[in-house]
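A short worksheet on the structure shown next.
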Amino acid sequence: MDEERGARLRRLRWHCRRALLELDLMFQRYWRRTGDDVDAATEAALERLVAMEDHDLWDLVSGRRETDDPQLKGMVEKLRQV
Amino acid sequence: MKVTKRTFDAVIVGAGGAGLRAALQLSESGLKTAVITKVFPTRSHTVAAQGGVAASLGNSEEDHWHWHMYDTVKGSDWLGDQDAIEFMCRKANEVVIELEHYGMPFDRTDAGKIYQRPFGGHMSNFGEKPVRRSCAAADRTGHAMLHALYQRNVRANTQFFVEWMALDLIRDAEGEVLGVTALEMETGEIVAFQSKATIFATGGAGRIYYSSTNAFINTGDGLGMAARAGIPLEDMEFWQFHPTGVAGAGVLITEGVRGEGGILRNSAGERFMERYAPNAKDLASRDVVSRAMVTEINEGRGCGPNKDFVLLDITHLDPKVIMQRLPGIREISIQFAGTDPIKEPIPVVPTCHYQMGGIPTNYSGQVVAPRGSSMNVAVPGFYAAGECACASVHGANRLGTNSLLDLLVFGKSAGETAVEDVKKSTKAHKDLPQEAIERTLARINRLDTQKDGADAHESRLAMQRTMQNHCGVFRFADKLKEGVSKILDVQKDVQRVAIKDKSKVFNTARIEALELENLIEVAVATMISAEARKESRGAHVRDDAPDTPENPNGRDDKNWLKHTLWFKEGNRLDYKSVKLTPLTVDTIELKKRAY
């Protein structure tokens, strides 16, 4: 992986540091599973998720709220994989 | 080596509620103000606060700040300073109404006033009956508060340094604080922030425990920096625990689960609370339930391969009740415990939630430390507020909804004091002592060059397990003694942590290693302070200090009505008196804390 992409993924990982422990744990589990094996589409979906407010994101990830957006829906499903 | 220098009137470290409230005070007074924060301000841990903010507005029924003060002193188990508590309770209405004017969307009564609800420990008429004192914005009070304060700061031209980590206090030979060194994550560059006022609002350090409700960002950075700069940490033995966090994860399972009929069971399937609280059983108070759980685990009746948790059973409830009345619990259990609570019980342990101690301050937000014969001399140029500070209003135990009040009142107060100090100072900024900057560079250099060092993840885990097992919610003399020796061993490992990734841009391994250096200071302070305090008080409960007629609840006012001060140098302890004289009213006299 080139240095630029490596730095971008490290930044993305830092943006997965959240205000709510629940989200920290979900993202931690996700990154442990995938390592740096993240394609461009997944990276884009993750970027959109981490830009959300924490409570809105947790509502989505915990299934309290649904989304019709296929990109977000797919990423949320990956995060929910136990 | 030279580093870039940036100069401000005031620098605030941390952009949660306390940091944003302090920054607002400074920026609106026209001072050039910088806020350094590891994460975007509205992602600070204040977001997680749901309960509300306490203020005796009396919108729903009669209330008075003096009643609130009484509740807070009693809640603190008389370890809170009564001058600071009076100050906070008297200021509550003002800071809440200010926040309302900043656009905070509080819940409303039909008449359009701020709606208030009851909350544990808040009573009317000096402990007579529950009172409606908590002001909330649905279940997103902290989130709404941060947004209101952030927007106001943007308007006031506060300059934010987002994704920067403060590393060390810059203090000169006279002890004056002249700013901080900080790391820009984007570039890896170290910069010196020079300021006439430095305010710490870095939050708590709940991540020292294995089971913690705190988000990963709560690494006690301000406490670590203060300790390294020779500032003591006060009352670090006092941590609030919640009985039911998901084992291994820390995510809270609300008390509502037991309210709906959830039962705690040990490895034999026994409903053990019947033995500890025959009447209230699983609905006994938080401390009683937590102690019972720890006793079961310590006596070998815990569950799982390591016998280190108990079970919260709701399998006997109608699944419809679980889905309707306990929304989210099923999902939390599936996600973080790997069990569906409709079919299997949830593994739970008492979980660290809030840090009562911290950097010692007075009610004006100035950091204070012993000098000569006085125990509370202001450290020039240094202020602190919020969970990282110890004013001390929570003493040995915090009341719910007083944490958001703490950060509003003392964030504002620290800001006001800093404004006065900066405006009356006629001198230019002092030169920064190069040796203070070199200390930061040496820490970074050690991390970059350490060979065959310890693993950061393993060391963090060792610290967290040591704290959980030796200094948890229920404490034992022999375990604490052993814990001191173990945590000092872990500290040695932390001092030789090595990182593989040496890159500059967003090097999260380096950031986490630096955070660990802060956490370990807090862990050592906690263990040593707890081992030394030979009584039970508030959240510090020792097996060898039980309830007796001479010492009700194990509290020993004759010997231990005093604040602990831990100094990093030599792990030295000192003690200072509790301020029992309020500002204008009579002392709230000592008595047994009972509800």
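The values are calculated or read from the model by the stated rules, or taken from the named source; none is laboratory data. Quick caveat, the model's predicted, so the values are computed rather than measured. Cβ: placed from backbone, ideal geometry, glycine included. Neighbour counts: every protein chain shown. The protein model used for the area step is the full one, side chains on, heavy atoms only, and it has no ligands, DNA or RNA in it. Shrake-Rupley method; radii C 1.70, N 1.55, O 1.52, S 1.80 Å.
Set against the 2.2 N^0.38 Å expectation for a compact globular protein, the protein assembly as shown has a Cα radius of gyration ratio of 0.91. For the stretch B:386-476, the C-alpha radius of gyration sits at 1.70 times the compact-globule guess of 2.2 N^0.38 Å, with N the residue count. Between A:Gln71 and B:Arg6, the FRET efficiency estimated from the beta carbon spacing at R0 = 56 angstrom works out to 0.90. For the residue pairs B:Lys481/B:Lys592; B:Lys129/B:Lys479; B:Lys113/B:Lys424; B:Lys479/B:Lys500, the C-alpha atoms sit more than 32 angstrom apart in B:Lys129/B:Lys479; B:Lys113/B:Lys424; B:Lys479/B:Lys500. Convex hull volume of the Cα atoms of the stretch B:336-494, normalised per residue: 223 Å³. Got a sec? Charge dipole of the stretch B:222-334, +1 on Cβ for Lys and Arg, -1 for Asp and Glu; which of B:Gly328, B:Gly230, B:Ile253 is way out at the positive end? The residue sitting farthest along the positive end of the dipole is B:Gly328.
Here the stretch B:429-505 is assigned +1 on the Cβ of each Lys and Arg and -1 on the Cβ of each Asp and Glu. Its dipole about the Cα centre then comes out at about 120 debye. Of the Cα atoms belonging to the stretch B:1-83, the radius of gyration and Dmax stand at 18.4, 63 Å. Within a straight-line Cα-Cα reach of under 19 Å, B:Lys5 can be paired with the following aspartates and glutamates, leaving aside sequence neighbours fewer than 8 residues apart in one chain: B:Glu163, B:Asp168, B:Asp172, B:Glu176, B:Glu184, B:Glu186, B:Glu189, B:Asp431, B:Glu435, B:Glu438. Buried surface between chains A and B: roughly 3000 Å² of accessible area, summed over both sides, computed with a 1.4 Å probe on protein heavy atoms only. Where does the Debye-calculated log10 I(q)/I(0) of the stretch B:49-153 sit at q = 0.13, 0.18 Å⁻¹, using only Cα point scatterers of equal weight, no solvent? Values returned for q = 0.13, 0.18 Å⁻¹ are -0.46, -0.86.
By DSSP, what percent of the beta bridges with both residues in the protein assembly as shown are antiparallel, rounded to the nearest 5?
Once the DSSP bridges in the protein assembly as shown are tallied, antiparallel ones form about 65 percent.
Note on B:Thr109 and B:Asp586: their simple-model spin labels are 3.1 nm apart, each label 7 Å out from Cα toward Cβ. I need the fraction of alpha carbon pairs in chain B separated by more than 32 Å, rounded to a whole percent. For chain B, the share of Cα pairs beyond 32 Å comes to 45 percent. For the stretch A:3-81, the C-alpha radius of gyration divided by 2.2 N^0.38 Å, with N the number of residues, is 1.02. Ordering B:Ser44, B:Thr141, B:Ala92 by Cα displacement along the dipole of chain B toward the positive end leaves B:Ser44 in first place; charges were set at the Cβ atoms of Lys, Arg (+1) and Asp, Glu (-1).
For the stretch B:40-93, the average shadow cast by the Cα convex hull is 5.0 nm², which is a quarter of the hull's surface. Taking all protein chains in place and a 1.4 Å probe, what share, in percent, of the accessible surface of the protein assembly as shown do carbon and sulfur account for? Whole-percent figure for carbon plus sulfur exposure: 48.
Whole angstrom only: what separates the Cα centroid of the stretch B:141-174 from the Cα centroid of the stretch B:535-595? Here the two parts' Cα centres lie 34 Å apart.
First select every other residue whose beta carbon is under 13 angstrom from the beta carbon of B:Arg152; then total the charges, Lys and Arg +1, Asp and Glu -1.
0
At a probe radius of 1.4 angstrom, the accessible area of the protein assembly as shown per residue rounds to 38 square angstrom.
Taking the chain by itself as reference, the stretch A:19-38 contains these residues with an accessible-area loss of 10 Å² or more in the full protein complex (1.4 Å probe, heavy atoms): A:Ala19, A:Leu20, A:Leu21, A:Glu22, A:Asp24, A:Leu25, A:Met26, A:Gln28, A:Arg29, A:Arg32. In this rough spin-label picture, where each label sits 7 Å from Cα along the Cβ direction, the B:Lys424-B:Glu458 distance is 5.5 nm. For the stretch A:3-81, the residue among A:Leu23, A:Leu46, A:Ser62 whose Cα projects farthest onto the positive side of the dipole built from Cβ charges is A:Leu23.
When +1 charges are put on Lys and Arg Cβ atoms and -1 charges on Asp and Glu Cβ atoms, the dipole computed for the stretch A:3-81 relative to its Cα centre reaches about 320 debye.
In a simple Cβ point-charge model (Lys, Arg +1; Asp, Glu -1; nothing else charged), the stretch B:129-192 has a dipole of about 980 debye relative to its Cα centre.
Our summary gives the stretch A:3-81 a relative contact order of 32 percent, counting only alpha carbon pairs under 8 angstrom and 6 or more residues apart. Just so you know, the averaged projected area of the alpha carbon convex hull for the stretch B:290-382 sits at 11.3 nm².
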